[in-house]
Amino acid sequence: MSYSIEIDRKWQKKWEETKLYKFDPEKKGEKLYCLEMFSYPSGANLHLGHWYNYSLTDSWSRMKRMQGFNVFHPMGFDAFGLPAENYAIKTGIHPQDSTLKNIATMEKQLKEMGATFDWDYELATCMPDYYKWNQWLFLKLYENNLAYRKNAPVNWCPKCQTVLANEQVIDGKCERCDSEIIRKNMTQWFFAITKYAQELLDCLPQLDWPEKTKKIQTNWIGRSEGSEVSFFCEKDGEQLKDENGDPLKLTVFTTRADTFMGVTYVVVAPESEICAKLTTDAQREEVEKYREFTSKASDIDRMSTTREKTGVFTGAYAIHPLNGRKVPIWASDYVIAGYGTGVVMAVPAHDERDFEFATKFGLDIIRVVESKEGAADELPYCEKKGVLVNSDEFNGLEMHKGLDAIVSKLATMDMGVKKVNYRLRDWLISRQRYWGTPIPMIHCPECGVVPVPEKDLPVLLPYDVEFTPDGESPLAKCESFINCKCPKCGKDAKRDPDTMDTFVDSSWYELRYPDNKNSEKIFDSEWINKIAPVDKYVGGPEHAAMHLLYSRFIAKAMRDMGLVKFDEPFKSLVHQGIILGPDGNRMSKSRGNTVAPDEYVNKYGSDVFRTYLAFGFSYTEGGPWDDKGLQAIVKFVNRVERLVDDTMTITDKYDPASLTKADKDLNYVLNYTIKSVTADSERFSFNTSIARMMELINALTKYQQSGEVNKGFLRHVVETLLLLFAPFAPHFTEEQWEKMGNEYSIFNQAWPTFDESALVKDEIEIAVQINGRVSFKVDIPSNAEQADVEAIVKSDARFDEALAGRNIVKFIYVKGRLANIVAK
RNA sequence: GCUCGUGUGGCGGAAUAGGCAGACGCAACGGACUUAAAAUCCGUCGGAGUAAAAUCCGUACCGGUUCAAGUCCGGUCACGAGCACCA
């Protein structure tokens, strides 16, 4: 029976019956936790991206298994989330019903892929036995002051009447109805990821992750070294006081304290509390109007850098602490309330934004830095080098020295200090949506916010809920859910109506898999410290800043809560590339350029399809889909099968001691193949792994054609080829292995090792270059030293001809590669 | 706008540490086998040049370092990604 999907089915059945991929924690061998990012159970069948990610990572883990590792390789579903809810709004099919059905379909398809997942460790985030621990985690974070509530702006779609997650906002528009998103203040739950900003940065270098991903995280965290400097303020001719009656300090964050003497005004974010406090009665109406105007501005407007600056004078003044200058305080939305102190000192001579603003509103511009003394640089001069001018006692100081001097001076007055700021914000996790984990908090009119007691977990997500969006959380309208008793005082209270961001679900799932049935604890810490962290994590690059950062944060928080002993959840990370449609665009139903794996799998079998995915693309690059190369794999698989048919009846023993010259040549290729496939597959270079196996088969064909065949050796080579090919074509090779009369299963065999001595050749061919150009080639003993090579080359007739009477200036021999003669 | 990444034949892609560019395959062309086709096997396959060689050009473009550059450095262009008034 030649290879087809029938073979797939035969072995899938046998593997399941014999529990071949059952994970046994006690099995000997170093543990290896290999994980692919779990998938969202969407309606359609597995798409090409799933196959590309899962089947090839499975190949990798199969190799590791054969290499003797005790591989833990689970699979599950990221089952909460908006698509199911939106689908429900459209069709009326309940998210739970569609999700559970989709999970069943995907499980079946994943099994057809022939992956080594142990389904006993499956999890789905929408199940109460999972989200119970989501809620438990929330309570722990709350206890440890890592979860808190505050009023904050959210993305609001005026048409859908609902809050949208950041990831649903595409270029400032709603992903569903394309309306422009506006900002709205709501009281929300946050996780204090910023407490870990520095550690999240510090641990990056030690991770075996793509450099690009580390850079994205570095940028996202956005560490910025600067200073906080303060001003006293004056309003209507009187000094402003704080709540203690002391003079009010208006503090700004700046990275350019060196330009401090050039401050000509100060700007506050219009929505900030300090803005209201600073505003004079005379200006109040205007400032109010402006605040309203900016709150209505859509994100599109806000995001535009070309947008003209707007702003309004608050009526108050700041007093420059070093020169006593009275500078006006303005409100403008080019200052972000959430970053730094929400207040900025403006130095229009040395900042483009300040310059634009000052020019528009006729504010003073004072130059305080010159590239070198006396240079009339064009303003704004924003280069971070130069010498201070117009800066009184600091004149003539080089920029960095000036900065230190100014901050030191301010520090003596208690008006300045060096400070590090991060761009990273705390993680807003509240969602006014139905299909997610209910937040386990109760709002009591008497006691305030009260956590649900642990014994009452899980707070079950009710089934019968009206979830058509109308601006209110769907759960708020579900009487049976929202009404409860306060756990503290027993009086009537209400549950928190929001659900958690689904990124919370996926921020710790890798730690639940190994202990997925634990009903007492989130997981057994002792066991988790053995099996975790994940050794190899594979998934799309789109999660670089969100999921991968959140997971790192949660792991660190868990560590500090004593739940785990490691610092990082994913030691090594690989991003698979993206397979585009045949037209080079991202596959999408609306474009009509999607490619269905099923058709190929049905026609060619899972293994041909898997192997083609391995061979046709550079794994981390991906690229446009093109099925022309599939035939190459069919051909390759047929060649392997023919070789098996030729050798399956051979009973001669392989005797390594009796190899002829021809045998040794083939043995060289064999060992080179073992070495290359092992090294290439290790680093996810699957295309070159397959290429090396094709070379081996080409060499085998030549060997067979040569007529002098050592049967025992030939059989040994074919068996080794099967072992190397097994991770890529598991069903096919299992079948061939059986045909050859070998014991079940090929995956219980040891991965081939190569013999270094077989890779040593007596004689090698090197290129001889004259002045860097290849002139001719020559055979030399592989252990020849420079002097020997020089002698061989000089005695070659072609050398004199190539030299053409020139003198040898220098003779360079690069061992085993080439000789280069510099001639003049 | 800022930051990062990527540019190699007709195509997918190789080249791990500066050392023979184009492995392996697809497509194409030629041949063997065949009544024929399929399948299989053998060969050619970056460009110019030649009867064939020799030779020259060639890894987006310009320049540099080096005995030697796809690889390192400086600049330009194109594409892609991330961030987006972050003070």
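Assorted remarks:
- Listed residue (A:Asn244, A:Cys203, A:Asn185) projecting farthest to the positive dipole end of segment A:164-275, Cβ model: A:Cys203
- Diffusion coefficient, µm² s⁻¹, Stokes-Einstein with Kirkwood Rh over alpha-carbon pairs of segment A:561-630 at 25 °C and 0.890 mPa s: 170 µm²/s
- Under a 5 Å amide H cut-off, with hydrogens placed 1.01 Å from N, A:Ile770 pairs with A:Ser775, A:Ile821 among residues at least 5 apart or on other chains.
- Amide H contacts of A:Val154 (H built 1.01 Å from N, in plane; Pro and chain starts excluded): A:Lys184, A:Asn185, A:Met186 sit under 5 Å, all sequence-distant by 5 or more or on other chains.
- Convex hull of Cα atoms in chain A, direction-averaged projection (nm²): 47.5 nm²
- Order by protection proxy (mean Cβ within 10 Å, highest first), peptides A:730-736, A:618-624, A:5-11: A:730-736, A:5-11, A:618-624
- Annotation for A:Thr701 and A:Lys661: the two label points, set 7 Å from Cα along the Cα-Cβ direction, are 2.5 nm apart.
- The convex hull built on the alpha-carbon positions of segment A:244-402 has an orientation-averaged projected area of 10.2 nm².
- Under 28 Å from the Cα of A:Lys815 - lysines, other chains or at least 8 residues apart: A:Lys661, A:Lys664, A:Lys675, A:Lys761, A:Lys777, A:Lys794, A:Lys824
- By a 1.4 Å probe calculation restricted to protein chains, A:Asp24 has an accessible surface near 70 Å², given to the nearest 10.
- Computed over segment A:359-439, Cα set: Rg, Dmax in Å: 21.4, 66
- Isotropic mean projected area of the C-alpha convex hull, segment A:54-175 (nm²): 11.6 nm²
- For chain A, the relative contact order works out to 13 percent when only alpha carbon pairs closer than 8 Å and six or more residues apart are counted.
- Above-threshold pairs, the threshold being 29 Å between Cα atoms, out of A:Lys108/A:Lys173; A:Lys289/A:Lys360; A:Lys215/A:Lys565; A:Lys28/A:Lys140; A:Lys603/A:Lys711; A:Lys289/A:Lys384: A:Lys108/A:Lys173; A:Lys28/A:Lys140; A:Lys603/A:Lys711; A:Lys289/A:Lys384
- Segment A:174-259: radius of gyration over Cα atoms, expressed as a fraction of 2.2 N^0.38 Å: 1.72
- For the peptides A:762-771, A:228-237, the ranking by mean Cβ contacts within 10 Å, running from highest to lowest, is A:228-237, A:762-771.
- In plain terms, the chain from A:Lys418 to A:Asn185 could stretch by 80.7 nm, reckoned as 0.36 nm per residue minus the Cα-Cα distance.
- Global dimensions of segment A:672-824 from alpha-carbon coordinates: Rg and Dmax equal 21.7, 68 Å.
- Accessible solvent surface per residue of segment A:202-252, calculated while the other protein chains remain in place, 1.4 angstrom probe, Å²: 56 Å²
- Estimated FRET transfer efficiency (A:Ala691, A:Lys810; beta-carbon r; R0 30 Å; 0.05): 0.20
- Per the Debye formula on identical point scatterers at the alpha carbon atoms of segment A:522-578, with no solvent, log10 I(q)/I(0) at q = 0.26, 0.27 Å⁻¹ is -1.06, -1.11.
- Distant-in-sequence amide H partners of A:Ser39 (H built 1.01 Å from N, under 5 Å): A:Gly76, A:Asp78
- Å³ per residue enclosed by the Cα convex hull of segment A:422-480: 152 Å³
- Spin-label pair A:Ala679/A:Ala476, simplified geometry with 7 Å Cα→Cβ offset, distance in nm: 6.3 nm
- For segment A:459-505, with +1 on Lys and Arg beta carbons and -1 on Asp and Glu, the positive-most of A:Ser480, A:Met500, A:Pro469 along the dipole: A:Ser480
- Here chain A is treated with +1 on each Lys and Arg Cβ and -1 on each Asp and Glu Cβ, and its dipole about the Cα centre works out to around 400 debye.
- Value of [θ]222 nm, deg cm²/dmol, for chain A, DSSP H segments ≥ 4, -39500 (n - 2.57) each, nearest 500: -11000 deg cm²/dmol
The values are calculated or read from the model by the stated rules, or taken from the named source; none is laboratory data. Quick caveat, the model's predicted, so the values are computed rather than measured. Here Cβ is always computed from backbone atoms with ideal geometry, including for glycine, and neighbour counts include all displayed protein chains. Surface areas here come from the heavy atoms of the whole protein model, side chains and all, with no ligands, DNA or RNA. Shrake-Rupley method; radii C 1.70, N 1.55, O 1.52, S 1.80 Å.
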